[in-house]
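A short write-up of the structure that comes next.
Here, each number is a calculation from the coordinates, and none is a lab measurement. Since this is a predicted model, take the numbers as computed values, not measurements.
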Amino acid sequence: MAAEEVLQGADHYKSEIERLTRELSETTHEKIQAAEYGLVVLEEKLTLKQQYDELEAEYDGLKQELEQLKEHFRSRATSSSSGIWLRGQLWIWKNGVDGPKVHCSCFLH
């Protein structure tokens, strides 16, 4: 009888070890999946941050360019003819009877 109890106890512990091993394997797999997902999210965040920084820099450049153009147009409002280099092109305008006429000369600066 004692031998049977020992065998039953051993079977119980063996089943318990198998159950715990399966749970550990499942939990480990879930943690790996969560870590992989976290890495994907982090990469996407870094990509979006880089895009944001690039757009912000472009915005700041365009804002500065706009302010320069405003100042240039204010200072040249009374001239009969004037021009400005803008993004590698020469923009020329002339004040005429019908109002200002603008022409873009496609030469690189």
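Computed values, structure above
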{"item": "Segment Thr47-Lys14, extension gain: residue separation times 0.36 nm, minus the distance between their alpha carbons", "result": "6.9 nm"}
{"item": "Whichever aspartates and glutamates have a C-alpha closer than 17 Å to that of Lys49, once near sequence neighbours (fewer than 8 apart) are set aside", "result": "Glu58, Asp60"}
{"item": "Coordinate range along principal axes, alpha carbons of region 2-77, Å, largest first", "result": "110, 10, 8"}
{"item": "Full-stretch length increase - Leu39, Glu71 - with 0.36 nm per residue and alpha-carbon distance subtracted", "result": "6.7 nm"}
